[in-house]
Each structure stands twice: as C-alpha cells, then as structure tokens.
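J.: Here you go, one structure.
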C-alpha cells in the first residue's frame, strides 16, 4: 500500500481509498490473475474483488517541458524505492507491506512528525503539477500545523522562473483548484502559489490585488489581496460551497482596475470586476455555476452590505436582478458570499451580519405574494404584474419595519457598510 492511504493512517485520519504498487511483475501476470487493466499511459489494474488500483512499479525520465514532458518506464526490475523516489512529497512516498511494516526510505514519517511538506528529490522539478499539488496539500493540512520546507519552496520558485507553470493545461489547474477550494484553509493554496510566483501566472487577476489599498475605515487590513484571502478563509469557516468560496475569492477583482490616483477609493469596482471574472472562468473552464455566482457577488455585494439602507423598490429590483424568486438557493449562496466578504476583514471576523437575515426574510415574504382567481379576473394584462409587484413591495416594507422595531437591523443607516 502506498501514498495517501499510508500518510493518512499515520496521521489518524480516515482512509477513503487505498492504492497499491506491484513490484517484480509484468502486465500479463496481473491480467492472468484476474486484474482489469485501466491505465493508458502506464499499467494500472483494478483488483477483481475490491476494485482498488494496483500499479506496476515505475520510474519517469524528463524529456521535455511541462507536465507531459517525460516518459514512464516500468519493468519487473524497478524497485519499490525507485518507484517511491518519483513521488512529490516525502509524506506521500511511504509504503506499507501486508504485515503492516512501514517502508520509508525518504523520511516521510519524520516529516509527518515535524509537520513538514518536503520534496523527495530533485525529480520534483520535472512536473509542474506538483506545484499545484503541494499548494493543495498546504491548504489541506494547514490546520494540522503543516508548513512548506524552505528548500521545497525554493524548488517551486525555480520551476516558476523557468516557465514550467506556463505549460499547465487549464483543466488540470482547475481540477487542483476545485480540490483546494474544498480544503479547511483554501486561502493557503493561493498564498502558497503566490509565495513561489505561480499565482501571477495562473491567477493574474488575483495576484494583481496585492498592493492595492482600501480605506482603513472599512478594511483595517488595507491590502486588497489580504482581504480576499480573509474573505475566502471566512467562506470556508461558514461552510460555504466551493461556488461560494470562489465568489469570495473573486468578488473584488475590479479593485485592481482602479486608477492609482483614485486609491484607496474604488468607485465602480463592482461592475469592473465582471469582465475579469468572465475571462478567468473562460480561461480555466470553471463551471457555469461558479461563474454565475461570482458575477452576482462582484456586481451586487455592495447592495447587499447596504441592504437596510435601500428602499423597498431597490430591494425588489435586487431580487429580480439576481433571479432570487426562481433560484432561491443561489440567492442564499450570494448572501453567504457577501457575509464572508463583510467578515473577511481584520478584527471583523466575528461581527454579526444582519443584512443576510433581512434579505432572506424579505425575499421569502415577497415570494409568498399571490393573487386569487377572483383578483386576477378583475385585472387585465400588465395590471396583474403591477399588483403583484405592489404587494411584494408592501411585504418587503413590513419585514423591514418588523426587524427595525426589534432592533435586528438599524435604520436609516448603519455606521459600518463595507465596500
């Protein structure tokens, strides 16, 4: 047994799947034993009963740039130690025999104890996908105290400087990003990419936010790059979906477009961020759901923050613009992304966000408005829509009045409505 299953077992984490490496065998021997071949580039087989993956021991040789620029060689003569040496991190380069004995030629167990992410060998530089994987592992294990070894970070910086990251295909970048977004600390993924210089290559729209100041009154952290990392961290803490986390990451991209002479103000950054999100999602082939929610968050987060200041007609227009009546689940995700934005500020992490409760209640009240058959019979054409709209406005007004009277929201203006 090799790789993640060994690592997670030693960490006391649940093991969801097990991978095996087979030493001293040929492909036809596994086929004769009933294993089903599934690997295209190198021999991988599924166990006839457990359906777990068994791969022949192999080594790799660099022949060109990028993550496809190497050849894979396998034979019965390849040793387990040679197979483990081609892996990315020492904590992923351990094996365990059937009797439970640990095979650890590269110090993975000691790196687990030291909470250290360290490359196995210089062969690490042959595959730029390893930069993404290391950043993802950093995000996954940050809560356990893991950090990146300085010499491994140096290798990643060298790879970026050599242009290896530019060879990554969009599908693989997004695959690793999606997995990183689901981590406990997804912001660490992007912080690690920035530390090695890869963020500017893969996510230039996000990298451009660093060094862009914001008004200290609303953003004590000042730097927009730091803010979006705090917002992403908050989205994870709120248990937001990957789409919510992506929206938190991208909601302020437009601030990078603000002319320097206007800093730290960012008037119009909401709409300015929309084409940047569209370009990013198109380039990386992000899911439509992620793109749609991210655009809504960019375009309307300031409206949501100022919800209690808005007139009922403006609130209703917000619902209509977001298609909140037909897609209430997506609107709820928008509110969560906006809450992550508002609380993703230094010292504001635990602040209340009553705007979400108000808009959720107002949307529900407006959505419940109906006309009886008799009422519809007395109206013609556009009059029906106008009457429904009038009643929705009245419902929104009632909700706002009730929340103001109970002190759950302030009126007419709150002293803290972040941009």
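J.: Can you tell me the equivalent ellipsoid semi-axes for the range 221-294? Use √(5λ) from the Cα gyration tensor, largest first, whole Å.
T.: Semi-axes, largest first: 22, 17, 8 Å.
J.: The range 90-196: Rg/Rh from Cα coordinates, Kirkwood Rh?
T.: On the way: Rg = 14.2 Å, Rh = 14.4 Å.
Taking Rg over the Kirkwood Rh, I get 0.98.
J.: Once you treat every alpha carbon in the range 72-148 as an equal point and sum by Debye, what is log10 I(q)/I(0) at q = 0.16, 0.19, 0.25, 0.28 Å⁻¹?
T.: Here the Debye-derived log intensity ratios amount to -0.63, -0.85, -1.21, -1.32.
J.: Sticking with this structure for a sec: Counting pairs of alpha carbon atoms under 8 Å apart in space and at least six apart in sequence, what relative contact order in percent does the chain give?
T.: 10
J.: Moving to a separate point now. Under a GNM of the chain (C-alpha, springs under 10 Å), which listed residue has the highest mean-square fluctuation: 392, 327, 115?
T.: Between 392, 327, 115, it is 327 that shows the largest mean-square fluctuation.
J.: Suppose the Debye formula is applied to equal point scatterers at every Cα of the chain; what is log10 I(q)/I(0) at q = 0.06, 0.11, 0.14 Å⁻¹?
T.: For the chain, the Cα-only Debye profile gives -0.34, -0.89, -1.20.
J.: Next question. Quick one: plug the Kirkwood hydrodynamic radius of the range 204-405 (C-alpha pairs) into Stokes-Einstein at 25 °C, 0.890 mPa s, and report D in µm²/s.
T.: Estimated diffusion coefficient is 137 µm²/s.
J.: Need one number: convex hull volume per residue for the range 332-383, Cα atoms only, in Å³.
T.: Numbers: hull volume 4.7 nm³, N = 52.
Spelled out: Cα convex hull of the range 332-383, divided by residues, is 91 Å³.
J.: Which of these, 379, 232, 310, has the largest mean-square fluctuation under a Gaussian network model of the chain (Cα springs below 10 Å)?
T.: Comparing 379, 232, 310 in the GNM, the peak value goes to 379.
J.: Kindly identify the range 150-264 as rounded, prolate or oblate by the Cα gyration tensor criterion: order the square roots of the eigenvalues as a ≥ b ≥ c, call it rounded if a/c is under 1.5, otherwise compare a/b with b/c, prolate if a/b is larger, else oblate.
T.: Working: a/c = 1.86, a/b = 1.28, b/c = 1.45.
Oblate, since a/c reaches 1.5 and b/c is not below a/b.
J.: Would you please report the Å³ per residue occupied by the convex hull of the alpha carbon atoms in the range 1-107? Walk me through the numbers before you get to the answer.
T.: Numbers: hull volume 12.7 nm³, N = 107.
It comes to 118 Å³ per residue, whole-number rounded.
J.: Just subtract the alpha-carbon distance of residue 182 and residue 329 from 0.36 nm times their residue separation and send over the number in nm, one decimal.
T.: 51.0 nm
J.: Highest mean first, what order results for 164-177, 99-112 on Cβ atoms within 10 Å?
T.: 164-177, 99-112
J.: Also, quick follow-up: Relative contact order, percent, of the range 204-405 when contacts are C-alpha pairs under 8 Å separated by at least 6 residues?
T.: It rounds to 22 percent for the range 204-405.
J.: Now a separate question. From the Cα gyration tensor of the range 254-347, with a ≥ b ≥ c the square roots of its eigenvalues, which class applies: rounded if a/c is under 1.5, or else prolate if a/b is larger than b/c, or else oblate? Provide the component values of the computation, followed by the final result.
T.: On the way: a/c = 1.68, a/b = 1.11, b/c = 1.51.
The shape class here is oblate.
J.: As a test of the formula, what do you get for the chain when each DSSP H run with n ≥ 4 contributes -39,500 (n - 2.57) and the sum is divided by the residue count, at 222 nm and rounded to the nearest 500 deg cm²/dmol?
T.: Details: 19 runs with 206 residues, N = 419.
Rounded to the nearest 500, it is -15000 deg cm²/dmol.
J.: Given the options 161, 297, 362, state which has the largest fluctuation in a GNM of the chain using a 10 Å cut-off (strictly under) for Cα springs.
T.: 161
J.: Any chance you could give the angle, 0 to 90 degrees and rounded to 10, that helix 354-367 forms with the longest Cα principal axis of the chain?
T.: 70
Each value in this text was obtained by applying a stated rule to the coordinates, not by laboratory testing. All figures in this text were calculated on a predicted structure; none of them were measured in a lab. Using ideal geometry, Cβ is built from the backbone for each residue, glycine included, and neighbour counts are taken over all protein chains shown.
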